[in-house]
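Student: I'd like to ask some things about the structure below.
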Amino acid sequence: MKKIIEIKNLRKDFHVGEVTVHALRGVSFEIEEGEFVAIMGSSGSGKSTMLNIIGCLDKPTAGEYLLDEINMSNMTKNELALLRNRKLGFVFQSYNLLPRTTALENVELPLLYNNTIKAKERRQLAINALESVGLADRMHHMPNQLSGGQQQRVAIARSLVNDPVVILADEATGNLDTRTSYEIMALFQELNQKGKTIVFVTHEPDIARFTSSSIIFKDGHIIHQAKSIDKLEARQILMELPVENGYE
Amino acid sequence: MNYSNLIKIAINALRRNKLRAFLTMLGIIIGVASVITMLAIGQGSKKSIQDQVSSMGSNMLFVMPGGQAMGGVQMGNSDSKSLTLEDIEAIRSQSTSVGKLSPVVRSSGQVIYGNKNAPTSIFGTNTDYLDIRKITIKSGRMFTEAEIKSAAKVCLIGKTVITNVFGENVDPTGLEIRFNSIPIKIIGVLDEKGQSTFGQDQDDLILAPFTTVQKRILAITNIQNIYASAVSEDKSPLAKTEIETILREKHKIKEGADDDFTVRSQDELIKTFSSISDILTVLLGIIAGISLLIGGIGIMNIMYVSVTERTREIGLRMSIGGRGIDILMQFLTESILLSVIGGIIGILLGIGAASGVGKMMTWPVIVMPQSVILSFLVCTVIGVFFGWYPARKAANLDPIDALRYE
Ligand SMILES: Nc1ncnc2c1ncn2[C@@H]1O[C@H](COP(=O)(O)OP(=O)(O)OP(=O)(O)O)[C@@H](O)[C@H]1O
Ligand SMILES: [Mg+2]
């Protein structure tokens with residue numbers, strides 16, 4: 001299997017005035033193509049910091065990071081931006097959709113920063129992405145006309161639209177209720193089955209049960225890393241959940 | 001990022017907040033509209049002054065006794081007696097560029113008819129005066145050379161005098177009025193000329209042979225002014241120097257001594273008044289320009305607010321691949337769009353307001369293409385200039401901080 005992400009002895013320090021915070025204190029791991037990895041750990045353990053570095057939003061203080069076999073060490077800001085545009089997709093806890101902008105236009109957004117894609121193709125790709133998250137009928141709705149779960153689906157469609165090598169999600173279910181969280185996890189599992197590599201930060205063990213492996217952080221170290229043996233199917237769990245308010 | 005994507009993104013961003021976009025543009029709209037209107041009014045008044053002055057006879061020359069007077073305006077009835085009929089004869093015989101010539105003597109006084117009277121002025125001239133001043137006769141006739149010779153008590157009168165002493169729509173030809181108790185017979189009525197640019201009523205006059213005014217009213221032998229016209233407009237400067245040379249010689253003025261007369265040509269007057277209205281235009285333009293500047297500051301202000309408010313949007317755009325330059329260009333495009341759209345609306349509004357003012361006030365207004373083009377360029381520059389700092393602030397944000405911004 002091809003290695004999508006290779007992290008070697010990575011460190012990240014933050015300097016706040018006189019104090020230096022060691023957010024990552026030498027972590028090493030690999031993620032292979034097609035994996036669905038949960039990054040777990042308590043608050044302040046360095047999960048988001050790790051994800052930001054994987055997402056090329058931040059640079060490590062020391063250590064090596066290879067994304068899709070490209071070394072990130074000597075990349076300029078603009079080169080990192082280009083990589084984010086072509087190889088990465090982000091899903092955030094708070095969706096970060098543009099207000100007063102239709103779902104379709106929100107999904108199109110990453111492609112606007114890609115000159116090689118013409119308007120017609122852009123539209124088609126966005127429609128395809130929305131269809132794959134099951135929101136074909138909500139294309140022209142504004143974010144405030146959508147539920148939280150639907151907004152997060154739009155955000156997932158946006159992260160998919162550029163066909164990234166890896167999707168990065170930071171607490172993507174953090175704002176959602178249990179059922180909707182499971183629905184989102186079901187969607188991620190579906191995408192993963194189609195071959196997408198996904199890195200999913202969460203502090204809820206409950207949610208991590210749906211991933212294929214997990215990395216657990218504590219105080220900037222990896223304390224545990226394992227493949228799941230009892231991976232759950234979110235679809236199935238959803239069916240078993242008690243039906244509320246005549247749901248489905 | 002290519003331009004069409006850039007403009008698409010900027011338009012989408014502005015569309016999300018239409019009311020604010022409009023309010024932001026308002027400063028520019030008002031600024032540009034006032035620039036256009038002010039300049040149109042300024043230019044219009046300049047043109048109308050030029051038109052009116054040249055309707056008085058664009059190749060007219062005017063000689064007054066005494067040295068240089070202010071701004072080409074004769075300073076009162078000069079008591080200097082330096083001008084004589086011989087001067088006129090000398091100019092007539094020696095000059096090649098002077099066409100028509102008329103002596104002018106003038107007296108103000110009371111005109112009386114029956115039990116009505118009114119203050120007015122009587123102008124004593126010869127027959128050339130009508131041509132020089134572009135005055136035409138409505139009814140009756142001009143006085144003749146014979147009447148000039150005999151200092152006949154005949155006159156032509158202007159509309160205001162008729163209204164004052166005879167009433168509206170009366171043709172007083174053939175009647176006899178008295179001017180300062182001298183009885184004078186009306187032989188003609190002058191066409192209406194209206195107000196001059198300088199606010200004088202050009203119809204409040206009585207025109208009589210200069211000999212009549214000299215002998216019977218003023219009891220003088222000199223003349224007060226000479227009016228002349230150059231044979232053609234472009235000969236006007238030459239005619240002026242000819243008159244000066246002839247009069248200096250006639251008045252025996254030594255080399256280096258000052259003239260005891262002043263010659264003014266109409267085109268000098270035009271220049272003087274044009275420069276006054278140019279100054280006016282510049283002043284109006286500056287005031288309007290300041291409001292444009294304030295409009296620009298308004299854009300900058302709102303762009304700063306907008307950058308702060310949309311910090312998360314900026315973070316998101318960066319996370320999906322927007323480079324610093326893309327973010328900079330987006331906000332710059334937004335501010336340019338705001339100022340240019342505002343500018344276009346302002347230009348249309350300004351043209352509308354200018355023609356509205358023109359119609360309502362019956363002022364002449366001229367919208368110059370230059371002022372339209374200039375306003376448009378200024379708007380673009382304002383957009384770039386005042387958009388630059390907010391846009392740079394946006395572009396320099398750190399994506400992680402921006403995404404985390406509450
Ligand atoms: N920009 C920053 N400046 C200074 N310190 C920072 C910065 N970002 C993170 N840190 C510190 O780095 C450590 C790791 O933070 P991080 O956000 O990665 O935690 P986390 O695992 O994502 O926690 P949570 O589950 O609460 O989101 C924390 O101690 C945090 O205070
Ligand atoms: Mg976090």
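The numbers here are math on the coordinates, done by the rules we state, and not lab data. The structure displayed is predicted, hence computed values, not measured ones. Glycine gets a Cβ as well: all are built from the backbone with ideal geometry, and neighbour counts include every protein chain shown.
Student: Mind listing the Cα extents of chain B along all three principal axes, in Å, largest one first?
Tutor: 104, 56, 30
Student: Would you mind listing how long segment A:30-98 runs along its three principal axes, going by Cα atoms, in whole Å with the largest first?
Tutor: 33, 31, 27
Student: Over chain A, with a Gaussian network built from C-alpha contacts below 10 Å, which listed residue (A:A62, A:A208, A:A38) shows the highest mean-square fluctuation?
Tutor: A:A62
Student: Give the average over all directions of the projected area of the C-alpha convex hull of chain A, one decimal, in nm². Intermediate values should be presented prior to the final figure.
Tutor: Numbers: hull surface 58.2 nm².
Value for chain A: 14.5 nm².
Student: What residue among B:L23, B:L61, B:L269 has the largest mean-square fluctuation in a Gaussian network model of chain B, using Cα springs under 10 Å?
Tutor: Largest GNM mean-square fluctuation: B:L23.
Student: Between A:T178 and B:R392, what FRET efficiency comes out of the Förster formula 1/(1 + (r/R0)^6) with R0 = 41 Å and r the beta carbon distance, rounded to 0.05? Provide the component values of the computation, followed by the final result.
Tutor: Values: r = 45 Å, r/R0 = 1.09.
Computed FRET efficiency for B:R392 and A:T178: 0.35.
Student: Let me ask something else. What ranking of A:M1, B:M368 emerges when the number of other C-beta atoms within 10 Å of each C-beta is taken as an exposure proxy, fewest first?
Tutor: Ranking A:M1, B:M368 by Cβ neighbours within 10 Å, fewest first, gives A:M1, B:M368.
Student: Only Cα pairs under 8 Å and at least 6 apart count here; give the relative contact order of chain A as a rounded whole percent.
Tutor: 26
Student: Would you compute, from DSSP H runs of 4+ residues alone, the mean residue ellipticity of chain B at 222 nm, taking -39500 (n - 2.57) per run and dividing by the full residue count, rounded to the nearest 500?
Tutor: Computed ellipticity for chain B at 222 nm equals -18000 deg cm²/dmol.
Student: Out of segment A:1-62, which trypsin sites (Lys or Arg not before Pro) are coil in DSSP terms and have no more than 15 other C-beta atoms within 10 Å?
Tutor: Hits after loop and neighbour filter: A:K2.
Student: Now a separate question. Any idea how far apart B:S232 and A:R11 come out in nm if each label point goes 7 Å out from Cα toward Cβ?
Tutor: Between B:S232 and A:R11, the label points sit 9.5 nm apart.
Student: Where a Cα-Cα gap under 20 Å defines reach, which aspartates and glutamates qualify for B:K254, not counting those fewer than 8 residues away within the same chain?
Tutor: Reachable aspartates and glutamates: B:E86, B:D87, B:E242, B:E244.
Student: Still on this structure: Per 5 Å bin, what is the whole-percent P(r) computed from every C-alpha pair distance within segment B:138-185?
Tutor: Each 5 Å bin holds this share of Cα pairs: 5, 19, 28, 26, 15, 6, 1.
Student: Right, next: May I ask which of B:K81/B:K116; A:K12/B:K8; A:K77/A:K120; A:K12/A:K118; B:K235/B:K359 have a Cα-Cα span longer than 31 Å here?
Tutor: On the way: B:K81/B:K116 34 Å; A:K12/B:K8 38 Å; A:K77/A:K120 29 Å; A:K12/A:K118 39 Å; B:K235/B:K359 38 Å.
Result: B:K81/B:K116; A:K12/B:K8; A:K12/A:K118; B:K235/B:K359 exceed 31 Å.
Student: So how much slack lies between B:L175 and B:T380, counting 0.36 nm per residue of separation and subtracting their Cα-Cα distance, in nm? Please report the intermediate quantities before stating the final value.
Tutor: Numbers: separation 205, 0.36 × 205 = 73.80 nm, distance 6.93 nm.
Extra length from B:L175 to B:T380 when fully extended: 66.9 nm.
Student: Oh, and also: Provide the FRET efficiency to the nearest 0.05 for the B:S121-B:I290 pair, computing r from the beta carbons and using R0 = 35 Å.
Tutor: Rounded to the nearest 0.05, the efficiency is 0.20.
Student: What do you get for the angle between helix B:236-250 and the principal long axis of chain B? Use alpha-carbon atoms, 0 to 90 degrees, nearest ten.
Tutor: Between helix and principal axis, roughly 40 degrees.
Student: When the Kirkwood hydrodynamic radius is evaluated over all pairs of different C-alpha atoms of segment B:81-259, what value in angstrom, to one decimal, is obtained?
Tutor: The Cα-based Kirkwood calculation yields 17.2 Å.
Student: If you take the alpha carbon radius of gyration of segment A:23-146 and divide it by 2.2 N^0.38 Å, what ratio comes out, to two decimals? Show your work: numbers first, answer last.
Tutor: Values: Rg = 17.0 Å, N = 124, 2.2 N^0.38 = 13.7 Å.
That ratio works out to 1.24.
Student: Fewest Cβ neighbours within 10 Å first, please rank A:E35, A:E30, B:E255 accordingly.
Tutor: Taking fewest neighbouring Cβ atoms as first place, the list is B:E255, A:E30, A:E35.
Student: Using 0.36 nm times the number of residues separating B:S139 and B:K18, minus their current alpha carbon distance, what extension gain do you get?
Tutor: Going from the current span to full extension adds 36.9 nm.
Student: Give me the angle, in degrees from 0 to 90, between the Cα long axis of helix B:266-309 and the longest principal axis of the Cα atoms of chain B, rounded to the nearest 10.
Tutor: Roughly 10 degrees, rounded to the nearest 10.
Student: Here's something else I'd like to know. Hey, fewest Cβ within 10 Å first, where do B:S93, A:S228, B:S229, B:S306 land in order?
Tutor: Listed from fewest to most nearby Cβ atoms, that is B:S93, A:S228, B:S306, B:S229.
Student: Place a label point 7 angstrom from the Cα of B:I325 along the Cα-to-Cβ direction, then list the residues of segment A:45-79 whose backbone nitrogen is under 14 Å away.
Tutor: The answer is A:76-79.
Student: Run the simple label-point estimate for B:L283 and B:I182 please: 7 Å along Cα→C-beta, distance reported in nm.
Tutor: 4.3
Student: Next question. Could you tell me the distance between the Cα centroids of segment B:34-49 and segment B:227-245, to the nearest Å?
Tutor: 31
Student: Take the Cα radius of gyration of segment A:75-213 and divide it by 2.2 N^0.38 Å, with N its residue count; two decimals is plenty.
Tutor: Against the compact-globule rule of thumb, the ratio is 1.01.
Student: With a Förster radius of 25 Å, plug the Cβ-Cβ distance of B:I220 and B:I112 into 1/(1 + (r/R0)^6) and report the FRET value to the nearest 0.05.
Tutor: Values: r = 23 Å, r/R0 = 0.90.
The calculated FRET efficiency here is 0.65.
Student: Over the protein assembly as shown, how many percent of alpha carbon pairs lie in each 10 Å bin up to the one with the longest distance?
Tutor: Pairs per bin, as whole percents: 3, 12, 16, 13, 9, 7, 6, 7, 7, 8, 7, 4, 1, 0.
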